[in-house]
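Here the structure is laid out as structure tokens; the discussion comes afterwards.
The values are calculated or read from the model by the stated rules, or taken from the named source; none is laboratory data. Note that the structure is a prediction, hence the values are computed from the model and not measured. Every residue, glycine among them, receives a Cβ derived from its backbone with ideal geometry; neighbour counts consider all protein chains shown.
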């Protein structure tokens, strides 16, 4: 008489997605409150402040189904750190939400095996990179729209580019590497296989949360964001007739056109850092990481 | 240099916590708080978009004055206003300063002024509306605007959980302190203290994530039991929930006044424009 | 009379979670009658909670596992419906009720569920639930500002708002102090009697079961052992003890007096009648008080004129302590008691340096705490959290125990950790994550982690809360053994049994002032004081009070001599003075 009823499902059900969403939201929310409390040290436009603990949402998208985790985290930031703390920026929040959610989602899709530090490192940088590139694009766009005949105001376009470049590098180093990549590499493998039973589901495996289409989509997104970024900056420079020559012409001669690609060079710096980090980790993790076989 | 050390030992988390709580849970009784949240959001959107469409300084100044009046009426905490001003001024300051290096002149400052004015209008609009809006009402208004249920729930859930999560993090952080060891030397620029603090803050998230995961499981189970997922697919439930949102005379009046003020500003602006003189290069 | 079908019926139900594959429920058949007040008992891991989750459809609809057999709730097969629908019939109050409350304010919380079902009268339903539990005064409060008892009642009200036929309450006593726990039980009884709601509690405390439940279901290793009427169930003392359940004190006392007793008492009322003939109705006896010794006590910690308080959200200032002065001495076992909000935790936290007094001075081990970092103070004083999970900062117990010594690069780290693991029987668990352990294991681990700092003064916050009887006994035993490792132990607790059996000195805090400071017997003999400070004495103490035994016997062993005809011999509980002389 007893007839076993099959209830096994491959995909996460709605409640489990809700669980991931709520978890990601709560954690990143509280993390944002903490970063608000942490004092800032600023040196002119270069701020030595922790603008966000990127490793938390990154860990969430690496460990769980990326979409609910990617949507939950920026919402947590908006609710906890902005809305409840009386610092809600309205539309500005929406723009941040889209940028960050997209960045996280793509980063999550890039990770195949949460135990692979290499993948975590790359995905972390790509994640923070996309977020920062998009916000740079939006910032420049705002100035472009907000100041009438911007090209006619001497100095400002160059100034905007330089400041955005500094902030980009600054964010990539602090949020991307110090509070993104490094803690994520420490945290994710520790949590993998341990947090899932606490929440009542099986650990993530290669196939569980992503389809081939999504992966292709994610890669496409990475490239398109990069091209938008580069395209926007070059277009901006062309339109504005940006001429850094006014300022120290010898400098330009020495370094040529590359210097103008502020954003691009920033990306390169980060890339170099990533390669260094990965090669270092490859050495340290090559000894005994059984789950690597899964690749 | 001893300041960081002092700050670390003197930092009274309780005080910070109460400050946070005051901001989040203090009373919201101003005029804006009594508006229908949907009207408030529409009003906000108006002022978030309009400034981008004008480059006429007269109009922008008019809007700014209107915003300043509303801000004064809304009894916004001086701290928030100070932070806003500080942020805007330094931001513009950096740009102008850097622009001077690239051969900029006062035109840069003038251009920046217009731009900063736009940003100020938008920021003030959001401060006026959102620091006074009950998060619950805000989330219901969003729900009315067809924002997904999960997001709206998230807002009120965050409102509920904030103190618990802060407590939990504080306890874990203290666990680290009570068992850890403070660096003896402070190093150049007290970097050892900063490093110690940062590492602890990050490490504390490991237990925090696991504990929150456990808690979340119960929460979501309870949501299931309370018919939350059921309600999500039930339009009637949504209707019922939002039925209290009603536009009153006050709302109409408020929008009406805003409309009149806007028309007046734009009309005056077009009659007496203050334009930036553009230097041809 | 018409036979109504049982409200819950299980036939040959087996279940296993997908992750483990082990069967948690095994061939369970049972029925619960409408209007019953059922207590589900059984040791840890016997499947009590899993069983109850089959009643409201979480199994199989939420937990995807292997389920076999038939579950009928209110006549309907549970497999054919869903959790949302079943929840209208069966409400569930979690042990971790704090996480169950999802809305910011009380009123929103109680209206939440009926609103989700789209019921037009959701407001009335919510209000009615508040009325039934007398929560109208707090309906506009923020949930996070409520006390534990109020939160539990709110969780119950939010379940009630669906007007269910059955309410399941998972370990109501675990997270509450005894006074609030009784309140919850009275409420459940009222709902059961006046509203005909079937109540199912998962419970370890037989005192409550004996007083409130009508029937008892014993679970063991995923199977149902038996289901009996309470009076019968409570008298199966040997069988209960085999399953780690301690029968009510009066029942054990009666058995100790007369092993052949056929109708042993199970409640205090029955006990009073039962023992009256045994205890000679003499005038109150007074034992010889031990004269306070001339003290040569070494002070280990002191508060001098300490004032502490905080700003509330309403912008007023709330004082916890005003001008508090207190000293702790070496060799003392101090119990810090008092109702919720009496300032127990604040007092302990001030000793760790995490919380600084606004005024006044605190010293520990001869050192002024002012200007000393908590990291430094931690070398003298250890604080053990109420929630052990907040102490698990590493990914295994062993690393947690070693954390402190490792940070100080102590050469004896490993050997000392070995010793602690042995002392707290953690050898087999030391490489596991603390969060994955059972309640009792977590508690042991937290004690070991605390001792890992080699303190002189050990502070414990509610070390026995939310433990089953067996683990509780074990913790109590360990507390006695701590004497060899630390000089003084201070325990903040609601557990009056622990106070009775462990403490050498009791400090009663009430609204920030010390109401009583002395031996446990003195406290338990001052019934009026206890009531004023919302303390609830152990059953044997209450029995002594009822029978006019003065001063009260603190436990069964002390009570026995009265019954056996001899005089009181309370020497086994030395007073503070006696203890300090040694």
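See the values below:
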quantity	calculated
Residue check for residue B:80: in contact with a helix residue (DSSP H, G or I) (Cβ under 9 Å, 6 or more places away or on another chain) and under 29 Å from residue C:141 (Cα atoms)	yes
Residue in the stretch C:315-333 that is out of contact with any helix residue (DSSP H, G or I) (no Cβ under 6 Å at 6 or more places or on another chain), modelled with pLDDT of 85 or more and within 9 Å of another protein chain (Cβ to nearest Cβ) present	no
Check on residue C:347, modelled with pLDDT of 75 or more, away from chain B (no Cβ under 14 Å) and not in a helix (DSSP H, G or I)	no
Cross-chain or 6+ apart pairs with Cβ under 7 Å, the stretch A:224-237 first and over 18 Å from residue A:150 (Cα atoms), then at pLDDT 75 or above and assigned to a helix (DSSP H, G or I)	A:225/A:130; A:225/A:133; A:225/A:134; A:226/A:133; A:228/A:137; A:229/A:133; A:229/A:136; A:229/A:137
Qualifying positions in the stretch C:398-416 - in a helix (DSSP H, G or I) and within 13 Å of chain B (Cβ to nearest Cβ)	C:399, C:400, C:401, C:402, C:403, C:404, C:405, C:406, C:407, C:413
Residue count, the stretch C:64-94 (criterion: within 30 Å of residue C:386 (Cβ to Cβ) and within 9 Å of chain B (Cβ to nearest Cβ))	3
Residue satisfying all of: in the stretch C:3-31; in contact with a helix residue (DSSP H, G or I) (Cβ under 8 Å, 6 or more places away or on another chain) and assigned to a strand (DSSP E or B); nearest to residue B:230 (Cα to Cα) among these	C:8
Boolean, residue B:240 is touching a strand residue (DSSP E or B) at 6+ places or on another chain (Cβ under 7 Å), within 14 Å of chain C (Cβ to nearest Cβ) and in a helix (DSSP H, G or I)	no
Which listed residue is under 26 Å from residue A:161 (Cβ atoms), at pLDDT below 85 and away from every other protein chain (no Cβ under 11 Å), from A:47, A:99, A:40	A:40
Tally of residues being out of contact with any helix residue (DSSP H, G or I) (no Cβ under 9 Å at 6 or more places or on another chain) and either part of a loop (DSSP other than H, G, I, E, B) or in contact (Cβ under 8 Å) with a residue 60 or more places away in the chain (or both) across the stretch C:100-154	0
The lone exception for residue B:199 - which of (1) touching a helix residue (DSSP H, G or I) at 6+ places or on another chain (Cβ under 7 Å); (2) over 21 Å from residue C:109 (Cβ atoms); (3) surrounded by fewer than 20 Cβ atoms within 10 Å (Cβ to Cβ); (4) outside the structural domain of residue B:125 (by TED's automatic domain parsing) it fails	(1)
Yes/no for residue C:494 being surrounded by fewer than 19 Cβ atoms within 10 Å (Cβ to Cβ) and touching a helix residue (DSSP H, G or I) at 6+ places or on another chain (Cβ under 8 Å)	no
Segments classed as strands (runs of 3 or more DSSP E), wholly inside the stretch C:472-536, with at least 1 members that are within 22 Å of residue C:440 (Cα to Cα)	C:488-492
Qualifying position, being more than 22 Å from residue A:149 (Cα to Cα), surrounded by 19 or more Cβ atoms within 10 Å (Cβ to Cβ), within 13 Å of chain A (Cβ to nearest Cβ) and at pLDDT 70 or above, among B:48, B:24, B:33	B:24
Extreme residue, nearest to the other protein chains (Cβ to nearest Cβ), among residues of the stretch B:185-205 that are in a loop (DSSP other than H, G, I, E, B) and more than 25 Å from residue A:26 (Cβ to Cβ)	B:186
Test: residue in the stretch C:71-78 that is under 24 Å from residue C:192 (Cα atoms), without any contact (Cβ under 8 Å) to a residue 60 or more places away in the chain and over 25 Å from the mean Cα position of the chain (by Cα)	yes
Those helices (runs of 4 or more DSSP H) lying entirely in the stretch B:70-184 with at least 2 residues within 10 Å of another protein chain (Cβ to nearest Cβ) and over 25 Å from residue A:81 (Cα atoms)	B:78-101, B:106-130, B:149-179
